[in-house]
Each structure stands twice: as C-alpha cells, then as structure tokens.
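Any read-out appearing in this document is the output of simple, stated calculations on the displayed coordinates, not a laboratory observation. If you're wondering where the values come from, they're calculated on a predicted model, not measured in any experiment. A quick note on method: Cβ atoms are made from the backbone with ideal geometry, for glycine too, and the neighbour counts reach across all protein chains shown.
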Amino acid sequence: MTCQKSGRRTWLVTPAAALAHGLRMRRRVLVCALLALGAATALPFAAAAATGTATISAGSLGFVTTPPNVSFTATLNGADQTVSTTQPLDVGDATGSGAGWNVTATSTTFTTGGGTPHLLSTSATSVTSAPSDSCDTGASCTAATNSVAFPYVLPAGATAPTATKLFNAAASTGMGNQTVTPTWKLSVPASTFAGTYTSTWTISLISGP
C-alpha cells in the first residue's frame, strides 16, 4: 500500500487500485493505436495496377467496289496495233489473318457476235508488267508482295477457260484496303475486221497467295 499526495490531501492507494489504473491507461493507449491504424488504412492508394483489354474482331475479304468494265478503242491504219487501258481493282482485306490473297481472271473470246461473227485471238489481251498497288485513302494498308510473273495473258475461249492468277499478295501482306491497277493491252492486227467486239470477263478475289 502506498500514499500519494494531491494538493493538501493524502490518498491511500492500494495495489489493486494501482493495477486498475494501469489497465485503464493501457486500454486508452490501445484504443488510440487502433483508431490511428484505421485512419491510415482508409487513405486511398497512390498507385494501383489495372488491365486494358482490346477485342478486335475479323472482317472479310472482298472487292471494295465491283471491278469496272474494260474498254479498248482503236482505229485501223493498215498496221498492227496494240491499244491499252487500265482497270483499278479495289481489294479489301479486313480479315486480320495475314493469309494473303490472289486475283484471278478469265474471259470469253472477243467477238462481233451474229451469225458469222468475227473474232480476235484468244491471246489478244495481256498485261505486260506488274500492276501498280497503292493504299486507299484513309487506309494504312500493308502493300501486297506479288509473285505472279509477267507478261500475263488473259485466258479466253468460246467458253471461258479456267481462271489464272493475275496478281497475288504473299502471307502477311496485302492487309487493308488497296487498289491494284493492271494495264491491259489488246493486240489488233492489221487484218482485223472493223466492228464492235465484246467479251465477258470474270475477275475473282480468293484467299491465300
């Protein structure tokens, strides 16, 4: 048992009272510590990890616009002639596969038609050098890497023969919209009969080089 003085009074402090007082002080300290810890954990994180996800779905392979008709014009002058014209082929590869593609062509023979038709040669139409290839406006394309050899002769017959490759895009090339423009040449011999000749062309776009 101990005695403590406070002002003019003297208090008698028993061991039990001292123990109880110490416990109360410890509880106060513990409560303050817990409150401080709670305040600390409630603060927002200065930095945190997050995941970004981009889902990009495949489109399709096809001509952006229908291949245009081809027209040749020549005036007979007594000599063999070769006339030419271009045909822009707007290819759209939105597959995102990098599989590549190829353009094939075939045709029927140029003929005047009628009961006694005049014909041009089945080898009259050709492409002598590789077509140009450029990205369409607004398209960051991957230009096609072509492996088709030139000159190319357009197949022709009374019934269109099996189509052959005119141009192709190797794997991982030719992605995005781009325009392939072959320059077609038509051989017109000096012995050609005057008239309007027509031919049906089939231009196809196929997956794979």
(message) Can you tally the net charge around V103? Count Lys and Arg as +1, Asp and Glu as -1, for every other residue whose Cβ sits under 13 Å from the Cβ of V103.
(response) -2
(request) Among C135, C141, rank each residue by its count of other Cβ atoms within 10 Å, from fewest to most, as a rough exposure measure. (result) C135, C141
(request) Quick one: net charge around T181, please, counting Lys, Arg +1 and Asp, Glu -1 for every other residue with C-beta under 10 Å from its C-beta. (result) -2
(message) I want the local charge near S121. Using Cβ-Cβ distances under 14 Å, sum +1 for each Lys or Arg and -1 for each Asp or Glu among the other residues.
(response) 0
(request) List W201, W101, W184 from most exposed to least, where exposure is judged by having the fewest other Cβ atoms within 10 Å. (result) W201, W184, W101
